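Each reported figure results from applying straightforward, stated rules to the coordinates on display, with no laboratory input. Note that this is a predicted model, so its numbers are computed, not measured. With ideal geometry, Cβ positions are generated from the backbone for all residues, glycine too; neighbour counts draw on all protein chains shown.
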Amino acid sequence: MLRLILDTDPGIDDALALFLALASPEITLEAITTVCGNVPLARTTRNALTLLELAGRTDIPVAAGTSCPLVVPYVDAALVHGGTGLGSLTLPDPQIQPVSQHAVDLIIEKIMSAPGEITLVAVGPLTNLALALRKEPRIAHAVREVYIMGGALRVPGNVTPAAEFNIYCDPHAAHAVFHAGWPLRLVSLDATHQVSISQTRFAEFTSYGGAIKQAIRQMTDFYFDVFQANETSKKFHMHDPLCLAAAIYSDLITWEPAYVDVELQGTLTLGETVADFKHPEKANLLGSVAVDAERFTQFYFERMSQAYP
Ligand code: BDR
Ligand code: CA
């Protein structure tokens with residue numbers, strides 16, 4: 001059984017990753033930690049709580065984390081995810097509260113109390129992870145594995161031509177996390193842009209069924225509406241769900257060792273993930289270079305249909 005912490009900024013695709021985690025018997029979801037990213041921290045935390053309530057999983061602790069990046073000014077992604085972060089999905093205020101422990105302390109405590117057992121899956125900006133490493137560097141040796149959705153290694157970025165959102169939002173945090181010397185796998189746009197799902201496919205999946213499916217419909221429809229004018233974006237990129245799925249079945253992705261650094265100075269390239277695949281001996285992570293998109297898509301819909309009929 002995979003003991004997992006999901007560090008997240010829900011976020012439409014974060015919500016899909018969360019539902020997938022809850023639907024996966026291979027995983028014990030030990031906690032959800034939130035970070036500012038797609039929308040501000042108060043929103044990402046509220047969203048995590050309401051999504052858990054919707055799924056009837058209020059037993060999973062939610063810890064709120066950091067509310068701004070380490071150095072750069074905060075930039076959201078509300079244009080993509082809507083002002084609430086969940087598209088046009090509206091849910092009542094949650095009845096449950098986050099735990100009193102800060103996300104950074106929860107991450108440290110969980111990892112240090114079970115050396116070699118906790119897998120960290122981070123699908124938002126990396127601020128919480130960077131602060132946890134700063135406060136307790138030994139987590140780098142005690143964590144089982146770290147999966148991160150972020151970066152663009154051999155492909156263009158999605159916020160700027162150079163940078164992907166999660167890295168761009170807090171490049172200094174990403175820099176610290178990439179150089180922590182821990183077992184890290186990076187699920188970058190190189191892989192996630194290969195797993196896109198059409199509006200028709202989501203419509204088919206959500207045409208009947210309960211509250212979770214309806215929520216997915218409302219969130220993804222918003223996304224498709226936002227991008228309606230743009231032919232190339234009519235497919236929904238499954239960034240965060242792919243990262244979660246890879247933490248369960250790492251062979252969904254083809255990995256290559258790489259030395260990846262983060263551009264912190266460039267006026268045009270801030271947050272670029274500069275990857276050197278030519279010197280594997282220097283590698284600081286395993287980068288995603290290809291993905292079995294068909295297998296992932298089949299896995300995703302099978303798993304989701306079983307869990308949420
Ligand atoms: C990443 O940015 C966010 O908007 C998504 O939730 C995902 O984690 C993709 O670049
Ligand atoms: Ca995210």
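Using the beta-carbon distance between Ser113 and Thr254 and R0 = 45 Å, what value does 1/(1 + (r/R0)^6) give for FRET efficiency, to the nearest 0.05? Once rounded, the FRET efficiency stands at 0.85. Put in line by how crowded their Cβ is, counting other Cβ atoms within 10 Å and starting with the fewest, Thr206, Thr269, Thr90, Thr220 read Thr90, Thr269, Thr206, Thr220.
In straight-distance terms, cross-link reach from Lys213 covers every one of the lysines whose alpha-carbon lies under 23 Å from its own, apart from those fewer than eight places away in the same chain; here that gives Lys234, Lys235.
Here the spin labels are modelled as points 7 Å beyond Cα on the Cα-Cβ line, and at His141 and Lys278 they lie 3.4 nm apart. Value of Rg to Rh for the chain, rounded to two decimals, is 0.93; Kirkwood radius and Rg both from alpha-carbon coordinates.
Which of Pro61, Pro98, Pro280 ends up with the largest GNM mean-square fluctuation for the chain, with Cα atoms connected below 10 Å? Between Pro61, Pro98, Pro280, it is Pro280 that shows the largest mean-square fluctuation. Scaled to the globular estimate 2.2 N^0.38 Å, the Cα spread of the range 240-309, given as radius of gyration, is 1.45. For Lys278, the aspartates and glutamates whose Cα falls under 16 Å of its own Cα, not counting residues fewer than eight places away in the same chain, are Glu256, Asp261. Largest GNM mean-square fluctuation across Pro92, Pro171, Pro137, computed for the chain with C-alpha springs under 10 Å, falls on Pro92. As a proxy for reagent exposure, ranking Val80, Val187, Val143 by other Cβ atoms within 10 Å from fewest up yields Val80, Val143, Val187.
Annotation: extensible slack from Gln214 through Asp59 equals 53.5 nm (criterion: 0.36 nm per residue apart, minus Cα-Cα distance). Annotation: the residues Glu272, Glu302, Glu263, sorted from fewest to most other C-beta atoms within 10 Å of their own C-beta, follow the order Glu302, Glu263, Glu272.
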